[in-house]
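Derivation of every value follows stated rules applied to the coordinates shown; laboratory data play no part. Keep in mind that this is a model prediction, so the values were computed, not measured. Glycine gets a Cβ as well: all are built from the backbone with ideal geometry, and neighbour counts include every protein chain shown.
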Amino acid sequence: MRILALLPAWEQPEHLVAMAAAGHEVQVVTTTVQALAPYVDGAVSVWPLGFWWQALQATRPDVVVRYAGDGQAQRLAAQMKVRPLVVGQFDADVGEFAEACVRRLPARQREALREPVPPSPLAGHRVRVVAWIHYGVPYRCAGSETMLQTMMRTLQDAGMGVLVVCSSMPEAPPSWSVDGVPYVHLGPHAAELLIRRVAPQVVVTHHNYAPRAVALARTVGARSALLMHSDHAFSARVLAARPDLVVYNTEWVRESLAARYREVGETPGLVVHPPVIPGEHRTDRPGARVTLVNLNRDKGVEAFRDVARALPHLPFLGVAGAHGQQVRDGMPANVQLVGQTSQMREEVWARTRLLVAPSVYESYGMGAVEAIASGIPVLAHPTPGLREALGDAGVFIDRADLDGWVEAVMRLYRDGPDREAAVAAAVARSAFLAERTGRELAAWGAAVGRLAAG
């Protein structure tokens, strides 16, 4: 498929990069002056505005894409014979975008581009529970993907046949498994066909595909379970679809949503904190570095950089995250940067002496809970989620207080009574959370069992 995108600037939007990685031809025209001449970025050709006609002739596009609200792009698109696909600048999901592009093609080309449905994802085993989601482990390892994996594994261990369908990861293979949980990667159209054919008793979902998955469950006679990972309004919109069960990742998220959405009180729900099994994350010998996981502005990468610059004698570690634009520029020499990893115990916690979490928003803070399993103290901005996760084990200072953060990092880093107390509190909190996790996962399994029984 040949795609010509008219963008205000080339900032590597994930939906276009993913299409290029999947083998489609992607050409971009920037509608503001960004370069003096065309250039190539990876698999994408980028043309300045003055070269738009050459880009059109070079591409002869099947699909023209423009962002809503870009007047220059609207004027250019009006001069092209192809009716443009208009998308939001920051909310174009990869799978949904790919399907929208495919729908613009003639029928014969459409069917050729859509992936075939795998004939037997579980080799004849009865699938009772299907999760339809956008991303999955180990290719994306953020908190919500990790949480869903553990919850699906709980159902699998309880004897329910499960399958996870991911629809927005072109980097993933057609199928794989994680701890006995089978995964397949299919675009939205093929995913719907597969779920209809499997005819599960329960459909689990979250994030991008939640509205579509809840509606699909109803049409195939299944019950639906929605995982709610935040109190953001854009996430809460799916409550109006009336899933059969809502699982909130914290008490504070449920309370925040209940104050604004009557559906919370009208829909069966339970709280399952993001499950962390300490033995799967614990390292016997934490390392020497002050660590931040996810180099995103909302996760506090700039505060992390400022603290590292103020303490040049201490070693720091920045770990790339699975979501959001990663900021790597301007790091001082005492910061080592590493890529996203699914081997957190060996590659992160075994190298960490202190975890910092200066996040502007955390609905829970799964990484912090993983760290305390090894007795690693956590210094955090006091978000409601991190307070609920860490309790008395957390050391909380406003992320804007640079002097306070520098002093706390030095105090918790060096040996002494403050560090000893923080390590002991972390170990005790981890043991408490582990016991609670067992109870909550048992409640989750029982709730899904009741849904499956009708």
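At a glance:
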{"read-out": "Check: the chain dipole with +1 on Lys, Arg Cβ and -1 on Asp, Glu Cβ, in debye", "value": "1280 debye"}
{"read-out": "Part-to-part distance (alpha-carbon centres) for the range 254-269 and the range 391-415, which is given in Å", "value": "35 Å"}
{"read-out": "Estimated vicinal HN-Hα couplings, Hz - the range 184-192 in sequence order (Karplus 6.51, -1.76, 1.60; Gly, Pro = x)", "value": "9, 10, 9, x, x, 5, 5, 4, 4"}
{"read-out": "Under 15 Å from the residue 400 label point (7 Å along Cα→beta-carbon), backbone N, the range 300-328", "value": "303"}
{"read-out": "Rounded if a/c under 1.5, otherwise prolate or oblate - the chain, Cα gyration tensor axes", "value": "oblate"}
{"read-out": "Rule-of-thumb Rg ratio for the range 235-281 [Cα; 2.2 N^0.38 Å; N residues]", "value": "1.32"}
{"read-out": "10 Å Cβ shell holding at most 15 others, DSSP loop, chymotrypsin sites (Phe, Trp or Tyr not before Pro): longest site-free stretch of the chain", "value": "91-360"}
{"read-out": "Radius 10 Å from Cβ of residue 408, net charge of other residues (Lys, Arg +1; Asp, Glu -1)", "value": "-3"}
{"read-out": "Sum of side-chain charges, residue 369 neighbourhood, beta-carbon under 12 Å (Lys, Arg +1; Asp, Glu -1)", "value": "-1"}
{"read-out": "Total formal charge among the other residues, if their Cβ is under 12 angstrom from that of residue 335, Lys/Arg +1 and Asp/Glu -1", "value": "+2"}
{"read-out": "Nitroxide proxy distance, nm - points 7 Å out along Cα→Cβ at residue 41 and residue 452", "value": "4.6 nm"}
{"read-out": "Extension gain from residue 9 to residue 439, taking 0.36 nm per residue of separation minus the Cα-Cα distance", "value": "149.9 nm"}
{"read-out": "Along the chain, longest interval not containing exposed GluC sites (Glu not before Pro), exposed being DSSP loop plus at most 12 other Cβ atoms within 10 Å", "value": "172-454"}
{"read-out": "Shape call, the range 278-434: gyration tensor on alpha carbons, a/c limit 1.5", "value": "rounded"}
{"read-out": "Stokes-Einstein D for the range 1-110, Kirkwood Rh over Cα pairs, 37 °C, 0.692 mPa s (µm²/s)", "value": "239 µm²/s"}
{"read-out": "Cα gyration tensor, the range 115-269 - rounded (a/c under 1.5), prolate or oblate", "value": "prolate"}
{"read-out": "Loop-located trypsin sites (Lys or Arg not before Pro) in the range 308-367 whose Cβ has at most 16 other Cβ within 10 Å (DSSP)", "value": "328"}
